[in-house]
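What follows is a set of notes on a single structure, which appears directly below.
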Amino acid sequence: MAELTDLTIAAARDGLKAGDFSAKELADSHIRAVESARALNALVLETPDRARSDATASDKRRSSGQSRGPLDGIPLAIKDLFCTAGILSRACSNILDGFTPTYESTVTANLWAAGAVMLGKTNMDEFAMGSSNETSFFGPVTNPWRREGDNRPLVPGGSSGGSAVAVAAKLALGATGTDTGGSIRQPASFCGIVGFKPTYGRCSRWGVVAFASSLDQPGPMTRTVRDAAIMLGGMAGHDPKDSTSVDLPVPDYEAALTGDIRGLRVGIPAEYRMDGMPPEIEQLWQQGANWLRDAGAEIVDIKLPHTKYALPAYHVIAPAEASSNLARYDGIRFGLRVPADDITAQYEKTRAAGFGAEVRRRIMIGTYVLSAGYYDAYYLKAQQVRNVVFTDFKTAFDAVDVILTPTAPFAAFAHGELAGDPIAMYLNDLFAVPASLAGLPATTIPAGLTDAGLPLGLQIVGRTFDEETVLRVGQVLESASSVTAEPEAWWRVD
Amino acid sequence: MTDDEVETYVGELSNIFEWIDQLSEVDTQNVLPMTRVVDVQLPKRKDEVTDGGARDDVLANAPETDDGCFVVPKVLE
């Protein structure tokens, strides 16, 4: 048999059920994989003892006929943005130095209740602000993929870069991510895995360190669409502790993967065909449409006229909300404190030492656009543009069932390549942000490779709370593209 | 922030706001600002205590505490 770390969640579930291996053996394989991959810097905290005890408990349940379902015994990595009781949760920021929550986020509590096994906390951009995982206080993450004939380290994308790498390098069977403006989808695309952002409100935000509260949404990152469906089922659900959590039943997402998309209408938005887009991405997009047509879908040209305004609107709304959310880091109640003689100096010293450059930049933008003289011109205007972008989607979904686009305008780039140019960095999320502003479910599916051998993803966006159709189309795309390439395990130290 | 940092931020932030200014091209007359994506009423509940008695939890991560309180530098003369 191949190594246990090669399995998908679905195959591991079946193997555990059949008694081919134990949850303990599965956990041990992944603990070893994590330890041998420290060169990637994907995890900022390893919790091997916790993983072993979770796995032992899972085996015990299974042997007494008390198994809790498909995630029981499945080893997962958790983004550092999720609060985990008794385990450091720092959002990869120095300002949360030493922060050890006494409570558990609802999403991770749901996963543990389903029997999942915790391997550790994954690296990420500080407070989820970034698209390359270079803003983490704990240093950059390295993508397991490299360009052919070129050993320069590449970024994994961000902000959920550590989670994407943990899954792509087979350190975990799945990982949690969060997506505010592409933070699940863009790194998943860069690392050649599946990333799924549910509809805003589908997964609880309670216990997830807040970045931009009207946009933040947790979701699964996995190696297959089926695994994303299984993991989403374990994360989703109504939570009275999050006032924006929606009280809807959680469907059986795996059952939605029928493989049948005959008659489904797939929209191709003209506005996503941007000047300067690499031809290989445009070709892959066309290829993706062809695959779906061959599977029986109808391809429909649509218009989303305000697409180009989504990204600047996002970069008003998200920092505005962030500047307000991050006001809580005062060095008094938790996290870092840099002592000073008076309270104002203490606030200033603490926040200067605690926040990195990108976070500070966004706090400044946010406080500026919310300030009395500029509120209408920036914040209010951006909220109106958000409504216009939302209306574009609403109109489009009268004519189509899903929308197909590239996930990102380019493939993974080298460490430092976009440093010093914030707008170039923001453009990573050009295609991801519109669906975020509209709160729509969206996934990225590994669909091909660049000429240099790097993964490229295609994005499928669906109607509000229609995760099932997005997953169904995603799986058809996944089978048609049948990307089998894997990164060479150059990072491995045994 | 050091003077050098201020210099860098001024340049970057000016560029970012110049880029954001393209929002003025969008006609938003009579468009309502969007504050939520899912059109539901915020849930309501009875105004009663549902939580509490967790002083030790609340203080557990504080850099400095004394006798069940957060400690801050002197704020009143």
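The values are calculated or read from the model by the stated rules, or taken from the named source; none is laboratory data. Everything numeric here is computed off the predicted structure, so don't read it as measured data. Note that we place each Cβ from the backbone using ideal geometry, even for glycine, and neighbour counts take in every protein chain shown. Heavy atoms of the whole protein, side chains included, go into the accessibility calculation; ligands, DNA and RNA do not. Shrake-Rupley method; radii C 1.70, N 1.55, O 1.52, S 1.80 Å.
Within the range A:239-293, which residues are touching a His at 6+ places or on another chain (Cβ under 6 Å) and either hydroxyl-bearing (Ser, Thr, Tyr) or crowded, with 20+ Cβ neighbours inside 10 Å (or both)? Show your work before the answer.
Kept after step one, since they are touching a His at 6+ places or on another chain (Cβ under 6 Å), are these residues of the range A:239-293: A:245, A:247.
Within the range A:239-293, just A:Ser245 meets the criteria.
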Could you tell me whether the range A:128-146 includes any residue that is of a type in the set (Val, Ile, Thr), crowded, with 24+ Cβ neighbours inside 10 Å and not in a loop (DSSP other than H, G, I, E, B)? no
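Taking into account only those residues within the range B:13-35 that are more than 7 Å from every other protein chain (Cβ to nearest Cβ) and assigned to a helix (DSSP H, G or I), which is farthest from A:Leu430 (Cα to Cα)?
Filtering the range B:13-35 for residues that are more than 7 Å from every other protein chain (Cβ to nearest Cβ) and assigned to a helix (DSSP H, G or I), the one farthest from A:Leu430 (Cα to Cα) comes out as B:Ser14.
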Against the definition (among the aromatic types (Phe, Trp, Tyr), open to solvent by less than 50 Å² (accessible area, probe 1.4 Å) and more than 22 Å from B:Val6 (Cβ to Cβ)), how does A:Phe397 come out, yes or no? yes
Could you grab me the full set of residues in the range A:316-342 that are in contact with a Leu (Cβ under 9 Å, 6 or more places away or on another chain), surrounded by fewer than 18 Cβ atoms within 10 Å (Cβ to Cβ) and in a loop (DSSP other than H, G, I, E, B)? A:Arg333
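Those residues that are within 14 Å of another protein chain (Cβ to nearest Cβ) and in a loop (DSSP other than H, G, I, E, B), I need them from the range A:202-235; list them, please.
A:Arg202, A:Cys203, A:Ser204, A:Arg205, A:Trp206, A:Gly207, A:Val209, A:Ala212, A:Ser213, A:Ser214, A:Leu215, A:Asp216
For the range A:442-467, give me each residue that is within 14 Å of another protein chain (Cβ to nearest Cβ) and touching a helix residue (DSSP H, G or I) at 6+ places or on another chain (Cβ under 8 Å). I'd like the intermediate steps shown before the answer.
First, the residues of the range A:442-467 that are within 14 Å of another protein chain (Cβ to nearest Cβ): A:442, A:461-467.
Those that are within 14 Å of another protein chain (Cβ to nearest Cβ) and touching a helix residue (DSSP H, G or I) at 6+ places or on another chain (Cβ under 8 Å): A:Ala442, A:Val461, A:Gly462, A:Arg463, A:Glu467.
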Restricting attention to the range B:41-59, and to residues there that are loosely packed, with under 12 Cβ neighbours inside 10 Å and among the aliphatic types (A, V, I, L, M), which single residue is farthest from A:Ser243 (Cα to Cα)? B:Ala54
Given the structure, is A:Ala313 within 30 Å of A:Ala396 (Cβ to Cβ), within 10 Å of another protein chain (Cβ to nearest Cβ) and buried (at least 21 other Cβ atoms within 10 Å of the Cβ)? yes
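Just one of A:Ala229, A:Ala255, A:Ala236, A:Ala212 is of a type outside the set (Ser, Thr, Tyr), under 27 Å from A:Ile299 (Cβ atoms) and touching a residue at least 24 places away in the same chain (Cβ under 8 Å); which is it? So that I can check it myself, show each step before the final result.
Values: A:Ala255 fails: touching a residue at least 24 places away in the same chain (Cβ under 8 Å); A:Ala236 fails: under 27 Å from A:Ile299 (Cβ atoms); A:Ala212 fails: under 27 Å from A:Ile299 (Cβ atoms).
The conditions single out A:Ala229.
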More than 22 Å from the chain's Cα centre (by Cα), assigned to a helix (DSSP H, G or I) and not polar (S, T, N, Q): is that true of A:Asp49 in this structure? yes
Filter result (in a loop (DSSP other than H, G, I, E, B) and within 8 Å of chain A (Cβ to nearest Cβ)) within the range B:55-70: B:Ala60, B:Asn61, B:Ala62, B:Pro63, B:Glu64
When the range A:446-463 is checked residue by residue, the ones that are open to solvent by 40 Å² or more (accessible area, probe 1.4 Å) and closer than 19 Å to A:Phe431 by Cβ are A:Leu449, A:Arg463
Hey, any hits in the range B:18-25 for a residue that's in contact with a helix residue (DSSP H, G or I) (Cβ under 9 Å, 6 or more places away or on another chain), open to solvent by 80 Å² or more (accessible area, probe 1.4 Å) and either within 30 Å of A:Ile87 (Cα to Cα) or at pLDDT 95 or above (or both)? yes
Inspect all residues belonging to the range A:222-229 and state whether any of them is surrounded by fewer than 24 Cβ atoms within 10 Å (Cβ to Cβ) and of a type outside the set (Lys, Arg). yes
